[in-house]
Amino acid sequence: MNSKIALVTGASRGLGINLAESLIDDGYFVIGVARSPIESWSIHPSDSFHAYQCDINDESQVKHLFSFIRKEYQRLDLLINNAGLFSAELLQGTTATRFEKVLNTNLISVMSMTREAAKIMRKANSGRIITISSVATAIRIPGNANYGLSKRAAEELMLDFAIEFREVGITFNSVRVSFVEETGMAETLSSDARRKYESKLLISRPLQPKEVFHAIQFFASELAGSITGQVLALGSPE
């Protein structure tokens with residue numbers, strides 16, 4: 001296969017679909033991953049898109065996914081850790097089970113996906129791994145502690161991977177986003193919480209999916225090979 005191969009988690013809807021379609025338009029062959037049944041996805045398999053059902057919170061399923069990639073494609077050029085679970089609960093009202101569920105999706109699964117992708121990329125001494133983060137890492141309001149903590153930890157995780165894989169040719173970076181239009185992100189927040197976020201953003205308007213993709217294009221480009229362990233914030237104060 002001559003096309004570069006990209007893997008996108010959370011590809012069944014929202015921002016994941018937008019990123020997958022933009023990558024296809026950019027010449028990539030895309031493997032989309034989500035845990036929901038493939039027939040329910042809003043993007044359908046094609047010559048440029050392979051849909052793979054996988055619960056990334058299940059490490060055994062993650063390992064099966066990468067075994068499939070090794071067997072079928074023998075390489076991986078780009079991983080986008082896009083899948084995420086939002087939480088809007090006060091700490092005094094949440095449970096350990098719900099707290100753990102957010103950490104599993106937003107942090108532990110990112111570790112598993114990144115670890116397995118790096119194993120493939122290391123053989124080629126080349127690859128790009130990008131994690132979608134959130135302005136909740138910089139803007140702290142009541143109710144976002146669990147989510148913001150998980151995303152801050154994921155950003156630190158990318159830096160730690162960058163340190164472990166220094167001079168290998170793989171880069172690990174994060175793109176911090178706010179509300180992205182056409183993705184359903186804004187609907188997860190109450191109007192009061194959204195106003196609090198927007199009052200602290202440097203750019204309070206919603207992001208366009210193409211703006212997020214432009215940041216990904218930058219990190220994925222050949223000329224960004226010396227940029228690793230970094231966070232690119234879109235509209236965030238930090």
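The values are calculated or read from the model by the stated rules, or taken from the named source; none is laboratory data. Source: prediction; values computed, not measured. Note that we place each Cβ from the backbone using ideal geometry, even for glycine, and neighbour counts take in every protein chain shown.
Observations on the model:
- Evaluation of V62 against (1) within 25 Å of H214 (Cβ to Cβ); (2) in a helix (DSSP H, G or I); (3) touching a residue at least 40 places away in the same chain (Cβ under 8 Å) (one fails), failing number: (1)
- Within the stretch 1-25, the set of residues being on the phi > 0 side of the Ramachandran plot and touching a helix residue (DSSP H, G or I) at 6+ places or on another chain (Cβ under 7 Å) comprises G10 only.
- Any hit, the stretch 215-238, residues being surrounded by fewer than 18 Cβ atoms within 10 Å (Cβ to Cβ), assigned to a helix (DSSP H, G or I) and aliphatic (A, V, I, L, M): yes
- Look at the stretch 203-229: where a residue is touching a residue at least 12 places away in the same chain (Cβ under 8 Å) and among the aliphatic types (A, V, I, L, M) and a partner is part of a helix (DSSP H, G or I) and surrounded by fewer than 16 Cβ atoms within 10 Å (Cβ to Cβ), sitting 6+ places away or on another chain with Cβ atoms under 9 Å, you get A224/F218; I227/F218.
- The single residue among V168, V212, V231, V177 that is at pLDDT 85 or above, over 21 Å from the mean Cα position of the chain (by Cα) and not hydroxyl-bearing (S, T, Y) turns out to be V168.
- One residue from Q92, Q74 being surrounded by fewer than 20 Cβ atoms within 10 Å (Cβ to Cβ), within 19 Å of V168 (Cα to Cα) and of a type in the set (S, T, N, Q): Q74
- Residues of the stretch 116-148 that are touching a helix residue (DSSP H, G or I) at 6+ places or on another chain (Cβ under 8 Å) and part of a helix (DSSP H, G or I): E116, A117, A118, K119, I120, V135, A136, T137, N146, Y147, G148.
- Subset of the stretch 19-54 that is modelled with pLDDT under 95 and either of a type in the set (A, V, I, L, M) or in a helix (DSSP H, G or I) (or both) - its residue that is surrounded by the fewest Cβ atoms within 10 Å (Cβ to Cβ): E39
- Qualifying positions in the stretch 220-235 - farther than 25 Å from K200 by Cβ and among the hydrophobic types (A, V, I, L, M, F, W, C): A220, L223, A224, I227
- Filtering the stretch 68-112 to residues that are under 26 Å from A215 (Cβ atoms) and of a type in the set (F, W, Y) leaves Y73, F86.
- Any hit, the stretch 166-187, residues being in a helix (DSSP H, G or I), closer than 23 Å to G127 by Cβ and out of contact with any Cys (no Cβ under 9 Å at 6 or more places or on another chain): no
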